[in-house]
Amino acid sequence: MWESVQDAYHSRIVEPGREPLFLLLIGLIAAFLLIRLSTRMIRRGTSWWPGNVTPGGLHIHHVVFGQALMVVAGVASFAYHGTHGLARNGLAIAFGAGCGLVLDEFALVLHLEDVYWSEQGRKSVDAVILAIALIALLLVGELPLGGISGRPSIGQLIAAAALLLLVVVSLLKGKLWTGLIGVMLPVLAVVGAIRLARPGSPWARWRYRSRPKRMARAERRDARVHRRVTAFKVGAYNLLAGAPDVAAATGAPVTGASVAPAGAAGPAAVPRTVPEPVPAPPLPRWRRRCAVGAEWYARIAAALNLLAGLIAPFRERVERANSGEFFTPVLVTAGFTAALFAALLAVMLRRRKRAAWIVATAVAALYTVPFGLALAVLPEDRAHPFNWVSFALTALLLGALLAGRRAFHARGARGNLVLGLTVLLVGGLLVTVLGAVLVHAGTTPQADWGDCFDYALVRLFTVSGVGDVTAQVPVNRWAGLTVNVLGAALFLLVLRVFFRSPRGRLHLEPQDEQRLRALLERHGARDSLGYFALRRDKSVCWSPSGKAAVLYRVVNGVALASGDPIGDPEAWPQAIACWRELARANAWVPAVTGAGEQAGTVYRRTGLKALEFGDEAIVEVTDFSLEGRSMRTLRQAHNRVRKAGYRAVIRRHRDIPEAELTALVHLADAWRHGRTERGFSMALGRLGDPADGDCVLAECRDENDRTCALLSFVPWGAHGLSLDLMRRDRESENGLVEFLVTELLLSGAAGTLPLTRVSLNFAMFRYIFEQGGKLGAGPVLRLCRAVLRFLSRWWQLESLYRANAKYQPSWEPRFLLYEKPSELPTIALANGLAEGFLVRPRLRGRSPRQDPAHSSGGTADAGGQGSGLAGQR
């Protein structure tokens, strides 16, 4: 298609001498869109946007720059007598840009008042669209008044006068657009003059006053047709140019385009009144189906693009269907980058992200317009039914996106646009240069550098290329594949940046922590992980009654909740509903890790799916004993450590002197040896905080009274503990952690501590480790066990299970809750990042943002050797 478009542009635009007019139109449209973007960014108060021009406190409207540009470009075009087309084209673009700036403030010139963001300011948008329509008609060969040329004849003058009369009648009937465009399209002028007048027009006041039936017909027609058109027009104008201010609509004074951003020089902006938030009405079912249809179109396009990139015969068919006089539907082309683009767009459309809707709508519109023009003015393209199918699919996609616009409500993080454009420009430059070098080195004889750069730039987008660029460069296959893979990675990164979700609030507020502690006092005995909700890098979502809350953290676009909701179980559904609504509003993937069976049932009732992925080891203190053959290994390890002169000191945090507690905190940090802190759902993330006085600290001291290991436990109700932190000195004896745990359990059994149960740790995939090694285990179970044992070399999955099993605990299942199976890889990645198993690469010298109270504490056994309970907690 693009070859035929190029030929048509040369034959219909360049050769007839219409290229300056075409470039003037391009300049007008580009200037209007850019200045509207600028004014909307200023109105929003975006800090990084340049803002208004206010030298000495005087605000200069952009109409001034437009007038200056029109004068300079207009005078220069008359004064220039050269034959060089580049200069004339540049002047045409400059004049069009000046027209766009002037027409964008047409309402200001008309009213002599700054009405940019008021209803009167919509006249500027009307003027721009009318100018674009008239220039476009000139480009396609339509001339005003029938196209009189040379000395007019009597017949031409009569026809022109009749057309002018019809135009005047249309305008008097209140049909502004029909009358003005009818100057160039006589059919519209005839229709406008014949049809009924608008009820409020001068014609209706003059002619329908004595004819009530005709007035009634005009009013019914206006209610049936014109009001719907007006509603569509208002929606389109809001999308294109921004909605008018509420204060302006009610008559309050507003400074429109002259509102300066924060920190900008000039007079202070007049504050706008903010209306009370009104719940959005439910979206009609047909609009929701339109949104789903657009999402599925992107999915199908991604699958077709992937097949075209992998299967050579199919790729050749796509190339043949996308060349010459043919064109394929939008998003359908042969390329891995296109496949990734369509796939990521489909994912973000499914999450109802506004940025994805903007990108998809812009792409569909940019394809629909040239497709429609090609079918309208190129007979050779109209001759192929396939082109009509492609145009119909593209137009349907655009219509579905526009109809389902309200469904895409989730907004992205601040700064996505600037960061994405920076990554695109810098990364595109690097990939293009690297691709040109690879292509130049992989061609024999070596190709021209210009062709190499063209080839690399084209291969960033598609396998097939555009025009004859790729045919001129005999490229090594691996060089071309490398360029395409680099381009795919770059655009995937750019789109990922553009579509980033908001991170959410990072830290727990003090008032939230106080409310959570009050709930834990009443309901903390329900869940062994309840106290970990006080981890301060989590966010909280309260139920409307305030009786329950869901604790979560946003990780990699996943709203990852941990453990059971806090508070009254009867209020859990309301808290979960608020959390899920918050996730939908921000396009976060909802997920829960480490939920108990009761909470898992409630989560499942709200629409989430449950997956058992591990068990929590809970020891009942009254049943614990070192007697018996099954406890021989633990008994021997305990006796060996005790005979070596070690002893256990168990105290509440509040009973430890402040200086001693500070020294223990420093020891815990030193024994971590710089390793990444692990733990999220079952770790408090701090040690030594005065607010955690009820926590229990178990120290292991040698015969010289030197601390060699320590464990920290958080409260679980009034008579329970949950293991939080484990640290030991690497140079000390093995088995110190087991010794401390055993001493704690024996103290509870003897009544020294008011203790009835202890939650030791969480063993992921315990069932697979336990059942996969038994006689009769199936091949799938044995394969899973082998894979997990291999991964245990880095993440201590099996050793954690073996260490817990020594105490003969009862196993309580823990569940992973998710919404869609396709989101499981994203949830697994987020869970790995939150728990510390995976670490994002960072520049040297940078460290994650952390609250000072979190500096001590963590969840990894820094020693790791021989501890048995090493790993996550």
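The values are calculated or read from the model by the stated rules, or taken from the named source; none is laboratory data. It should be emphasised that the depicted structure is a prediction, and the values quoted were computed from it without experimental measurement. Positions of Cβ are backbone-derived with ideal geometry, glycine not excepted, and every protein chain shown enters the neighbour counts. Note: areas computed on protein heavy atoms with side chains; ligands, DNA, RNA excluded. Shrake-Rupley method; radii C 1.70, N 1.55, O 1.52, S 1.80 Å.
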Residue within the stretch 92-109 that is over 30 Å from V377 (Cβ atoms) and surrounded by fewer than 19 Cβ atoms within 10 Å (Cβ to Cβ) present: yes
Subset of the stretch 602-623 that is part of a helix (DSSP H, G or I) and farther than 21 Å from I566 by Cα - its residue that is least open to solvent (accessible area, probe 1.4 Å): V621
Residue match in the stretch 743-761 (condition: assigned to a helix (DSSP H, G or I), of a type outside the set (D, E) and within 30 Å of F790 (Cβ to Cβ)): no
Qualifying position, being assigned to a helix (DSSP H, G or I) and either acidic (D, E) or open to solvent by 40 Å² or more (accessible area, probe 1.4 Å) (or both), among L417, L375: L417
First in the stretch 648-666 and open to solvent by 40 Å² or more (accessible area, probe 1.4 Å), second anywhere and assigned to a strand (DSSP E or B), Cβ under 7 Å, 6 or more apart: I650/V696; I650/A698; R651/L697; R652/V696
Residue match in the stretch 72-89 (condition: under 45 Å from the mean Cα position of the chain (by Cα), buried (at least 19 other Cβ atoms within 10 Å of the Cβ) and either of a type in the set (S, T, Y) or at pLDDT 85 or above (or both)): yes
Selection status of L134, open to solvent by 30 Å² or more (accessible area, probe 1.4 Å), under 19 Å from F22 (Cα atoms) and in a helix (DSSP H, G or I): yes
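Let's see how each residue does on (1) modelled with pLDDT of 90 or more; (2) in contact with a Ser or Thr (Cβ under 8 Å, 6 or more places away or on another chain); (3) over 30 Å from M348 (Cβ atoms):
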site: V550; (1), (2), (3): yes, no, no
site: N556; (1), (2), (3): no, yes, no
site: E570; (1), (2), (3): yes, no, yes
site: I576; (1), (2), (3): yes, yes, no
site: A591; (1), (2), (3): yes, no, no
site: E612; (1), (2), (3): no, no, yes
Residue satisfying all of: in the stretch 801-816; assigned to a helix (DSSP H, G or I) and of a type outside the set (D, E, K, R); most open to solvent (accessible area, probe 1.4 Å) among these: A805
Residues of the stretch 341-355 that turn out to be more than 18 Å from E819 (Cβ to Cβ) and of a type in the set (A, V, I, L, M), as a count: 5
Residue list for the stretch 36-51, filter: open to solvent by less than 30 Å² (accessible area, probe 1.4 Å), at pLDDT 80 or above and not hydroxyl-bearing (S, T, Y): R36, M41, I42
Qualifying residue in the stretch 319-340 (condition: outside any helix (DSSP H, G or I), touching a residue at least 60 places away in the same chain (Cβ under 8 Å) and acidic (D, E)): yes
Residues that are open to solvent by 10 Å² or more (accessible area, probe 1.4 Å) and in a strand (DSSP E or B), drawn from the stretch 528-542: V540, C541, W542
Residues that are out of contact with any strand residue (DSSP E or B) (no Cβ under 7 Å at 6 or more places or on another chain) and open to solvent by 30 Å² or more (accessible area, probe 1.4 Å), drawn from the stretch 690-704: P690, A691, E703, N704
Tally, over the stretch 339-356, of residues that are surrounded by 21 or more Cβ atoms within 10 Å (Cβ to Cβ) and touching a Gly at 6+ places or on another chain (Cβ under 8 Å): 3
Test: residue in the stretch 574-593 that is more than 30 Å from R354 (Cα to Cα) and among the small types (G, A, S): no
So A193, is it open to solvent by less than 40 Å² (accessible area, probe 1.4 Å) and at pLDDT below 80: no
Residues of the stretch 216-267 that turn out to be at pLDDT below 50, part of a loop (DSSP other than H, G, I, E, B) and either open to solvent by less than 60 Å² (accessible area, probe 1.4 Å) or among the hydrophobic types (A, V, I, L, M, F, W, C) (or both), as a count: 13
Meets criteria (surrounded by fewer than 16 Cβ atoms within 10 Å (Cβ to Cβ), modelled with pLDDT of 80 or more and closer than 30 Å to A577 by Cα) for E819: no
Answer residue from the stretch 513-525, given it is touching a strand residue (DSSP E or B) at 6+ places or on another chain (Cβ under 9 Å) and either over 14 Å from A691 (Cβ atoms) or among the hydrophobic types (A, V, I, L, M, F, W, C) (or both) and is most open to solvent (accessible area, probe 1.4 Å) among those: R522
The one condition in (1) touching a Leu at 6+ places or on another chain (Cβ under 8 Å); (2) assigned to a helix (DSSP H, G or I); (3) of a type outside the set (D, E); (4) crowded, with 16+ Cβ neighbours inside 10 Å that L164 fails to fulfil: (4)
Residue in the stretch 705-717 that is closer than 30 Å to R553 by Cα and surrounded by fewer than 24 Cβ atoms within 10 Å (Cβ to Cβ) present: yes
Condition broken by D126, with the remaining ones in (1) open to solvent by 30 Å² or more (accessible area, probe 1.4 Å); (2) under 30 Å from T178 (Cβ atoms); (3) of a type outside the set (G, A, S); (4) outside any helix (DSSP H, G or I) satisfied: (4)
R640 being among the basic types (K, R), touching a residue at least 40 places away in the same chain (Cβ under 8 Å), over 25 Å from E513 (Cβ atoms) and surrounded by fewer than 16 Cβ atoms within 10 Å (Cβ to Cβ): yes
Single match in K213, K175 (criterion: of a type in the set (K, R) and under 25 Å from G372 (Cβ atoms)): K175
Hits in the stretch 823-837 - residues which are open to solvent by 20 Å² or more (accessible area, probe 1.4 Å) and either in a helix (DSSP H, G or I) or farther than 14 Å from W795 by Cβ (or both): L824, P825, T826, A828, L829, N831, L833
Filtered residues of the stretch 747-799 (kept if surrounded by fewer than 16 Cβ atoms within 10 Å (Cβ to Cβ) and at positive phi): G751, G776
Matching residues, the stretch 543-574, being part of a strand (DSSP E or B) and within 16 Å of V602 (Cα to Cα): A548, A549, V550, L551, A561, S562, I566, G567
Selection count, the stretch 290-312, where residues are surrounded by 22 or more Cβ atoms within 10 Å (Cβ to Cβ), closer than 15 Å to T328 by Cα and among the aliphatic types (A, V, I, L, M): 4
